Amino acid sequence: GVDQCIQKFLDVARQTECFFLQKRLQLSVQKPEQVIKEDVSELRNELQRKEALIQKHLSKLRHWQQVLEDISVQHKKPAEMPQGPLAYLEQASANIPAPMKQT
């Protein structure tokens, strides 16, 4: 039944894996430089992938640094501040979020 089919599939998978491992071993004995070339190629691909990931993170970092800089510049503009203590209090209170309603 199903169990026999699954077991047969697993056996064939093990045989296939064993076949490829034997071929890989033969290749490493007959042509060790080929194995080294493959390893170097894999390492280069991994370095490229990691470099792309670093660039992606740097791009996000630059974006958020710019956002923070823009926010700090907006808060430092004294020319836009209204004159007088009452106007200052009105502007400051406008930036306070409204209290949440309890349900």
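The values are calculated or read from the model by the stated rules, or taken from the named source; none is laboratory data. No experiment lies behind these values; they were computed from the predicted model shown. Neighbour counts run over all protein chains shown; Cβ positions are idealised from the backbone, glycine included. Ligands, DNA and RNA are excluded from the accessible area calculation, which covers all protein heavy atoms including side chains. Shrake-Rupley method; radii C 1.70, N 1.55, O 1.52, S 1.80 Å.
Accessible surface of Lys8, taken over heavy atoms with a 1.4 Å probe and every protein chain present, rounds to 140 Å². A 1.4 Å probe, protein heavy atoms only, puts the accessible area of Ile71 near 80 Å².
Can you tally the net charge around Glu17? Count Lys and Arg as +1, Asp and Glu as -1, for every other residue whose Cβ sits under 13 Å from the Cβ of Glu17.
Details: positive: Arg14, Lys23, Arg24; negative: Asp11.
It works out to a net charge of +2.
Normalised by residue number, the volume inside the convex hull of the Cα atoms of region 2-74 is 114 Å³ per residue. Distance between the 7 Å Cα→Cβ label points at Lys50 and Lys8: 4.6 nm. Here the accessible area of region 2-74 is 61 percent carbon and sulfur, with a 1.4 angstrom probe and all protein chains present. For a paramagnetic label modelled at 7 Å from the Cα of Gln91 toward its Cβ, which residues of region 53-75 fall within the zone defined by backbone nitrogen distances under 16 Å? Within reach of a label on Gln91, which here means backbone N under 16 Å from a point 7 Å along Cα→Cβ, region 53-75 contributes 71-75.
Projecting the Cα atoms of Leu53, Leu43, Gln66 onto the charge dipole of region 1-78 (Cβ charges, centred on the Cα centre) puts Gln66 farthest toward the positive pole.
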